[in-house]
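Right, one structure below, let's go through it.
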Number of protein chains: 2
Amino acid sequence: MAAETVEVFDTTLRDGMQVEGVSATVADKLRIAEQLDHLGVHFIEGGWPGANPKDVEFFARAATELRLGTSVLVAFGSTRRPMGKVDDDATLRNLVEAGTSAVCIVAKSWDYHVEQALQTTLDEGVAMVDDSVRFLAANGKRVLVDLEHFFDGFAHNPEFALRVVESAVQAGASHLVLCDTNGGSLPHHVEEVVAAVARHVRGDATIGIHCHDDTGCAVANSLAAVRAGARHVQGTLNGLGERTGNTNLTTVIPNLQLKMGFDCLPEGRLERLTSVSNHVAEVLNRPLNPQAPYVGSSAFAHKAGLHVSAIARAKDAYEHVAPEQVGNGTRFLVSEMAGRATISMKAEELGLSMDGAAVGQVIDDLKRLEHDGYHFEAADASLELLMRRATGWQQGFFSVESMRVITDETSGGEFVTEATVKVWVGDRREVRTAEGNGPVNAIDRALRDALVGAYPALSRVHLTDYKVRILDSSSATGAVTRVLLDASDGESSWTTIGVSSNIIEASWHALEESLVYGLLRAQRRN
Amino acid sequence: MAAETVEVFDTTLRDGMQVEGVSATVADKLRIAEQLDHLGVHFIEGGWPGANPKDVEFFARAATELRLGTSVLVAFGSTRRPMGKVDDDATLRNLVEAGTSAVCIVAKSWDYHVEQALQTTLDEGVAMVDDSVRFLAANGKRVLVDLEHFFDGFAHNPEFALRVVESAVQAGASHLVLCDTNGGSLPHHVEEVVAAVARHVRGDATIGIHCHDDTGCAVANSLAAVRAGARHVQGTLNGLGERTGNTNLTTVIPNLQLKMGFDCLPEGRLERLTSVSNHVAEVLNRPLNPQAPYVGSSAFAHKAGLHVSAIARAKDAYEHVAPEQVGNGTRFLVSEMAGRATISMKAEELGLSMDGAAVGQVIDDLKRLEHDGYHFEAADASLELLMRRATGWQQGFFSVESMRVITDETSGGEFVTEATVKVWVGDRREVRTAEGNGPVNAIDRALRDALVGAYPALSRVHLTDYKVRILDSSSATGAVTRVLLDASDGESSWTTIGVSSNIIEASWHALEESLVYGLLRAQRRN
C-alpha cells in the first residue's frame, strides 16, 4: 500500500527572508529555488510581488530562467483592501501578473485583528476573503489561503475563525493553511484546533499548517497538526524566519517520512537533504547550526570514546535513524575516519590512478588541512589538485617569485589598490602591476596579465564568486580566514579554497589554484 | 490554589559538556553553578566524579566555595558493575565520597544494551539497579535513577523496561527519570509511554523526563511527558549537549510556567532567564543563538515596517508572551522599510531628540545606503551614528588624513602586512605604522596606536568578530563587499558596518565607526 502524502510548502524565499541579518539578491533567490526543486518540495513560495521590487524581478526572471522539474512556484499576497473592489486592487493585480499557476494569500481570522488592525467589520473581513479567492480562481489560479493568527483567533472567537475557513472553502480555495503567526502554541492545543477545523471543512480543500518556533515547538506543532488531519506543511530550510524562525523543513520532513510513514519528497530525494541544507546556508553566508537535527555536522557525531567500536558494530542501537537516509554521516570525534573508500571512488571519478600510499597521503592531508580550517566539500577543484599532488604531480604552468599589494587612501578619501606580481613562466620572468577595486581584483588582473601571453586560454577563465568566512571568531581580525573562489571558463565552473590568518594570503592561494585548475582543464581539452 | 510544581534538573555541567567544541574549566563550572542557583533550578548535576578528575575537583571545591541558596547539588554515576559487589565498586564509592545529598545513577532499561553492551543477563541487569539504589540510600543519599534508552527499550521489551522501573522504586529511588537517550522519539509516543509507566509506579517516586533534540522535539517531548504525569524535567541551559543537544531549559521552563500553569522556579526568578542564558553562553565562549525562543536577541524582534505602530499599540496581539516575563525585551528592527514611527521610537530608545526633518533625513539616508548594500538591522552602532549625524552631530575625536596598507609575499612564501595611518587628534598630527596578520588587523593596530595617547579608554575596546559578505556575487571580486565588525569594551558590545567595492575600504569604514562609537560610550560614562 502506498503511503499517504503530506505536501511540503517551502517559504524560505518569502517568510524565511524575514530572519534578522539576511538579505538575498535575486540571483541568490534563483539559486535557492533550484536547490528546493532539486530536493523536491511541492511548492516554492517565491516572494510578495508588489510589496518589494526585488520580488517582482524574481518572478520575471524565474519565468524565463528557472526550469522546475518537481516544484510549483507560488506568489504570495494578501486579500483585497477593506471596502475595496477586487478589480482595482493593486495587490491582487500583482499576484495575477506574477504569472504563477498557484498563489497564496494571507487572510485575517482573528476578530481582534479585523476590527483593530483593519478597522472594519467582521462581515467585511469575511467578504474580503470570499471576493479575493473567487477573483483569483476566476483568473485561473490555484488559491492557497494562509489564515493568519488562526490559533489565537480560534481561542478568542472560534465562530468567526470558522466562518473565515468556510468562506474560503466555498469560494474555491484549494488549501486552508492554519497559521500560528505569533508562534505561541503548544502541540496539544494545535492538535485539538486542527481536529475541530477538519470536522468543519467541506469539499476537497486540504488543511495546511504554518508554525513559528517561539515555544521551540514549531516542528512538534506541525506533526500534531498532521496527526489531526493536516496534509500540507509550510516551513523554511534551516528554520530561517522572523524572530525564532519558521518550522524547520530539514527537521519536519524526515520526521514525517522516516518516523510517521508519510511521503513528503519524491523517491530518492530525502538523501539530498543535508547537501541542500548546506548549500542554502552557503548561498546566504549563514552558517548551518552544527546541532541541527538530521543535517547538522554534529547530528550524528559521537564523542563516546570507549563506545565507538560498540557504535560501529550496532549503529541502530545508538543512532535514531541511519544518517545516510538524510545524506548525512556518522562522525566519530575521537578518530577522524575520513574513509579510504570515498577517496578511492573520487579518484576513479577523476580518472586518477592512486595506489594505497597515495590514498593514505590524501587522508593525512585532509585531516591536517581540515584541522587548519579547510573544508573541501565545497571546493572540488582544490580537492582534485590535492589528490593529484598526492600522486606526485606538480603544476608546471608557472611559479611565483613574489607578490605585493598596496591600498592607499588619499587625502581626498579615494581608495586605490595596486598589485605587483613577479612570476616565472618556463624560463621567462614576468613582472606586472595592475590596479583593481580591491586586493583580490588587483592581484587577479596582474597575475592574469603575466600569464595570458603564454596561456591564451586564460582569457576565457573568469572569477564568478568570492566568499569569505572568518573561523574561530573569538579573536576577530586575528582569526583564521577561509576564502572560497568560484571560477568558470564558460563551459563549467569550479571552486577553490584558501585558508590563512591573513585574508590576502588566503585569497591569493585560492586564486592561484583557480587559475591552475583552469589551465589544467584547457590542457585536457586540447 | 497554588500551582502544581514541576522540578527542574539541570545537567549543563554533566551532559551539556558533551557538546562538540566546548570544554569548561573547574572555575567555569563553579560560575555556571552559581548562575543556576541564581535562576533557582531544583537540582544541579555537577559531573561524574571518578570518570573525570576535573569533576572530582569540582565537587571538592563546590563543597567549600559554592553557597547554594535554592539548588541541590547532585553527583552523577552509574549502577555497580555486572556480577560485582556494591561494597567494592569504585563508581559507587566515588558517588558517596562526592559529598552531595543527592546522587543520580544511570541504569540500563533496554534489554539489548544489557545483553549486548553489558554482556550479562536481564536478571543481573535488574539486580544491578536494585543493589545500587539500596546501597546509596543506606549511605544517606537521595537516589535519582536515569533509565537510559527507556523509550527504545520500552518499544522492544516493555516487560523488562517496567521490571527495571519497579525494582528501582522498591529499592527506594526518589525519582525515575525516563531517558530518550538516542533522541529519536516523538511527542505522542512519549506521552503514551510515560502514561503507561505512571500506571505502574507505586509509592512516592517522582517520574522524570530526559530528552535529546534529535527530532527537534526535545521540548515538546518533555511537555508531553508532563501532561502524562512526569513532574521532573531534565535539560541544559541553551540546549547544550551531545549531537543535537539536550532539552533546552530556557525554552521548557517558560512553556511550563507561562503556558501550562506549573511552578518551576521560585517566585520572581523567571525574569532572570535571559540574563542567565547569556551569562552561561559567555562563560563558555559559545554565542547564544539569536533565534533561541524566549531568550534570543531576535526572539521579540519585529521587522514589520508598516506594522510597527500597530505592534506598539497592542503588543499582546503580536507577541505570544510579554518578553519582560523572561527578562527579554521587544526590539524594533530598522531597515529600508522602516516608517517614521520606527525611527522616532528608535530615537526615543537612544535618548536622541529628533525633529521631523531629522527623521526624514534618516529615512532618506537609510534608503540610499541600503540600496548601496548597507544593512543596518545588524549594525546598531552604525545606525546610532547615522541618526546622530542627522541631528547635526559630527564626531570630533579624530580625523584621518590618509591610510596605506601593504601586503608583501616574499620569495620565501611569507606574507607580511603593514599599515600606515596619518590622523589628526585636535591639532596634533599622528603618524603610525603597525604590522598585522592581515590588513584589518594592521590598520586596527596602527589607528589605535595613534589615538590611545589622547583616549586611554580605547585600550579597553577590542574587536570580537569580523564578518564579510560579498553582495551581487555575479561580478565576483569586482562586486560590493559588506563588512560587519563587532567590538566590546567589556561592559557591552556593538556592531558597525562598512560597504564598498574595495574590501579594505569597507573594513576601514567599519573600523573607524567602531572606534568612534567606543569613544562615545566612554564619554557618556564619564
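The values are calculated or read from the model by the stated rules, or taken from the named source; none is laboratory data. Quick caveat: nothing in here was measured; it's all calculated off a predicted structure. Don't worry about glycine lacking a Cβ; one is built from the backbone with ideal geometry, like all the others, and counts go over all protein chains shown. Please note that ligands, DNA and RNA were not included when accessible areas were found on the heavy atoms of the full protein model with its side chains. Shrake-Rupley method; radii C 1.70, N 1.55, O 1.52, S 1.80 Å.
So what are the ³J(HN,Hα) numbers for region B:99-111, from phi and the Karplus equation (6.51, -1.76, 1.60; θ = phi - 60°), rounded to whole Hz, Gly and Pro as x?
So the Karplus estimates, Gly and Pro as x, are x, 8, 6, 10, 10, 10, 10, 8, 10, 8, 10, 9, 3 Hz.
Threshold 30 Å², probe 1.4 Å: give the residues of region A:13-43, in number order, that are less accessible with all protein chains present than with their chain alone.
Listed by number, the residues meeting the 30 Å² cut-off are A:Q18, A:E20, A:G21, A:S23, A:T25.
Going 7 Å from Cα along the Cα-Cβ axis for the label, what nanometre distances separate A:K54 from the same residue across the other copies?
Shortest to longest, the spacings are 4.2 nm.
Evaluate peptide A:281-294: per residue, the Cβ atoms of other protein chains within 10 Å of its Cβ; return the mean as an integer.
What the average comes to for A:281-294 is 4.
Roughly how big is the protein assembly as shown's charge dipole about its Cα centre, with Cβ charges of +1 (Lys, Arg) and -1 (Asp, Glu), in debye to the nearest 20?
560
When the accessible area of each residue in region B:110-144 is compared between its chain alone and the complete protein assembly (1.4 Å probe; ligands, DNA and RNA ignored), which residues differ by at least 40 Å², being lower in the assembly?
Residues passing the criterion (a loss of at least 40 Å², heavy atoms only) are B:Y112.
Compute for chains A and B the buried accessible surface, both sides summed, probe 1.4 Å, and express it in Å² to the nearest 100.
The A and B chains share an interface burying roughly 7900 Å².
Under 5 Å between amide H atoms, partner at least 5 residues away or on a different chain: which partners does B:F332 have, H built in plane at 1.01 Å?
B:H302
With only Lys, Arg, Asp and Glu charged, each at its Cβ (+1 for the first two, -1 for the last two), find how big the charge dipole of chain A is about the Cα centre; round to the nearest 20 debye.
That gives chain A a dipole magnitude of about 1060 debye.
Output, in nm with one decimal and in ascending order, the distances from the A:A27 label point to the matching label points of the other copies (7 Å from Cα along Cα-to-Cβ).
Shortest to longest, the spacings are 4.9 nm.
Set Lys and Arg Cβ to +1 and Asp and Glu Cβ to -1, take the dipole of the protein assembly as shown about its Cα centre, and tell me which of B:T11, B:V74, A:A434 lies farthest positive.
A:A434
Could you pull out every residue, at least 5 positions away or on a different chain, whose amide H is within less than 5 Å of the one on A:D263? Hs are placed 1.01 Å off N in the peptide plane, and Pro or chain starts have none.
HN-HN under 5 Å from A:D263: A:E4, A:T5, A:V6.
For A:S399, what is the net charge nearby, where nearby means another residue's Cβ is under 13 Å from its Cβ and Lys, Arg count +1, Asp, Glu -1?
Neighbourhood net charge equals -2.
How far is helix A:356-372 tilted, in degrees, relative to the longest principal axis of the Cα atoms in chain A, given as a value from 0 to 90 rounded to the nearest 10?
70
Report, in degrees rounded to the nearest 10, the 0 to 90 angle that the Cα long axis of helix B:26-39 makes with the longest principal axis of chain B.
With both axes taken from Cα atoms, the answer is about 80 degrees.
In terms of the ratio Rg/(2.2 N^0.38 Å) built on C-alpha atoms, what value belongs to chain A?
1.14
Give me the 1.4 Å probe accessible area per residue for region B:399-525, excluding ligands and nucleic acids, in Å².
In whole numbers, region B:399-525 has 38 Å² accessible per residue.
Just to be sure I understand the curve: with the Debye formula and one point per C-alpha of the protein assembly as shown, what is log10 I(q)/I(0) at q = 0.08 Å⁻¹?
-0.91
What residues have an amide H closer than 5 Å to that of A:H232, excluding those fewer than 5 places away on the same chain, when H is modeled at 1.01 Å from N in the peptide plane?
The answer is A:E7, A:I209.
Can you send over the carbon and sulfur percentage of the accessible area for region B:89-151, probe radius 1.4 Å, protein chains only?
44
From the phi of every residue in region A:263-277, what ³J(HN,Hα) in whole Hz does the Karplus formula 6.51 cos²θ - 1.76 cosθ + 1.60 yield, where θ is phi - 60° and glycine or proline is x?
9, 10, 10, x, 3, x, 8, 4, 6, 8, 4, 5, 5, 5, 4
Rounded to the nearest 500 deg cm²/dmol, what is the calculated helix-only ellipticity per residue at 222 nm for chain A, with -39500 (n - 2.57) per DSSP H run of length n ≥ 4?
Calculated mean residue ellipticity at 222 nm is -11500 deg cm²/dmol.
Calculate one ³J(HN,Hα) per residue across region A:60-70 by plugging θ = phi - 60° into the Karplus curve 6.51 cos²θ - 1.76 cosθ + 1.60, and present them in order as whole Hz with x for glycine and proline.
Those phi angles translate into 5, 6, 4, 4, 9, 9, 8, 10, 8, x, 10 Hz.
May I ask you to give the percent of accessible area on region A:399-525 that is carbon plus sulfur, with a probe radius of 1.4 Å?
44
Would you mind working out the accessible area per residue for region B:7-283, using a 1.4 Å probe, and quoting it in Å²?
34
Can you list the copy-to-copy distances for A:D204, using a point 7 angstrom from Cα toward Cβ, in nanometres, shortest first?
6.4
Taking chain B as the reference, fit the longest principal axis to its C-alpha atoms, fit the long axis of helix B:158-171 to the helix C-alpha atoms, and give the angle between the two in degrees, 0 to 90, nearest 10.
80
Per residue of A:206-219, what is the mean number of Cβ atoms on other protein chains within 10 angstrom of that residue's Cβ?
5
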